[in-house]
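Visitor: A single structure is presented below for examination.
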Amino acid sequence: MSHQEHERRARDEVGRAIRCGVITISDTRTPETDTSGAAIRRALEAQGHHIARYAVVKDEPVQIVALVRELCQDGCQAILTSGGTGITRRDSTYEAIDGLLEKRLPGFGELFRMLSYQDIGAAAMLSRATAGLVGGTLIFCMPGSTAAVQLAMERLILPELAHLVWETIRQ
């Protein structure tokens with residue numbers, strides 16, 4: 001079956017409303033100042049997806065892991081995070097999520113850094129954007145900047161989200 005046929009079947013079988021969780025990981029942002037989380041939610045809703053839950057959590061691995069597990073148990077088909085993917089001492093999203101992943105999608109991080117390089121140059125190598133599966137739930141970890149989130153959502157996640165969900169549920 002061709003890639004185009006997979007995408008068509010995914011749209012037909014999965015439908016438009018994918019159940020999503022959105023997490024912003026930040027020691028400083030609040031729901032009122034979280035422009036990246038707002039951008040993720042707007043992009044998902046514009047495509048007809050359902051935001052099952054939105055939260056802002058501190059960059060603490062125990063809190064991140066607990067919330068991801070909770071969203072998986074609550075039936076989220078996709079979890080999208082922003083923040084904590086850099087290399088500072090407090091950036092712990094990558095380690096927290098990587099420890100949960102049962103299957104990794106290395107192409108997401110590779111493509112994100114390639115596209116980022118076109119915008120910001122060599123600084124793109126500082127991003128540890130990653131994606132994979134926790135059980136049957138997709139998870140995407142994006143940097144905290146609004147521009148990075150918009151890039152990931154528009155160029156990578158939204159064009160393939162239905163296809164990815166379909167791949168996780170088909171027999």
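Visitor: Can you give me the number of residues within region 153-171 that are exposed (fewer than 15 other Cβ atoms within 10 Å of the Cβ) and β-branched (V, I, T)?
Guide: 1
Visitor: May I ask you to list the residues in region 35-69 that are among the acidic types (D, E) and in contact (Cβ under 8 Å) with a residue 24 or more places away in the chain?
Guide: Filtering region 35-69 down to residues among the acidic types (D, E) leaves 45, 59-60.
Result: D59, E60.
Visitor: In addition: Name the residue that is farthest from I40 (Cα to Cα), counting only residues in region 115-171 that are of a type in the set (K, R) and under 15 Å from the mean Cα position of the chain (by Cα).
Guide: My answer is R128.
Visitor: So which residues in region 7-26 are at pLDDT 95 or above and either more than 18 Å from the chain's Cα centre (by Cα) or surrounded by fewer than 19 Cβ atoms within 10 Å (Cβ to Cβ) (or both)?
Guide: R19, the sole residue that qualifies.
Visitor: Check L164, L105, L100 and return the single one that is under 27 Å from R29 (Cα atoms) and of a type outside the set (G, A, S).
Guide: Of the residues listed, the single one that is under 27 Å from R29 (Cα atoms) and of a type outside the set (G, A, S) is L100.
Visitor: Select from region 67-93 the residues that are touching a strand residue (DSSP E or B) at 6+ places or on another chain (Cβ under 9 Å) and small (G, A, S) and write down the one among them that is surrounded by the fewest Cβ atoms within 10 Å (Cβ to Cβ).
Guide: Among those that are touching a strand residue (DSSP E or B) at 6+ places or on another chain (Cβ under 9 Å) and small (G, A, S), it is G75.
Visitor: Wholly within region 34-140, which helices (runs of 4 or more DSSP H) include no fewer than the required count, namely at least 3 residues that are modelled with pLDDT of 95 or more and of a type in the set (A, V, I, L, M)?
Guide: 35-46, 61-73, 106-120
For (1) surrounded by 13 or more Cβ atoms within 10 Å (Cβ to Cβ); (2) free of Cβ contacts under 8 Å to residues at least 40 places away in the same chain; (3) within 21 Å of A52 (Cβ to Cβ); (4) out of contact with any helix residue (DSSP H, G or I) (no Cβ under 9 Å at 6 or more places or on another chain), each residue gets a yes or a no:
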site: A96; (1), (2), (3), (4): yes, yes, yes, no
site: F112; (1), (2), (3), (4): yes, no, no, no
site: M125; (1), (2), (3), (4): no, yes, no, no
site: V134; (1), (2), (3), (4): yes, no, yes, no
site: P143; (1), (2), (3), (4): yes, no, no, no
site: L151; (1), (2), (3), (4): yes, yes, no, no
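Visitor: Could you check region 113-122 and list, in sequence order, the residues that are closer than 17 Å to S82 by Cβ and not basic (K, R)?
Guide: L115, S116, D119, I120
Visitor: Continuing with the same structure: What is the number of the single condition among (1) of a type in the set (V, I, T); (2) closer than 15 Å to R19 by Cβ; (3) without any contact (Cβ under 8 Å) to a residue 24 or more places away in the chain that T88 does not meet?
Guide: It is condition (2) that T88 fails.
The values are calculated or read from the model by the stated rules, or taken from the named source; none is laboratory data. From a predicted model like this one, the values you see are computed outputs, not experimental measurements. Using ideal geometry, Cβ is built from the backbone for each residue, glycine included, and neighbour counts are taken over all protein chains shown.
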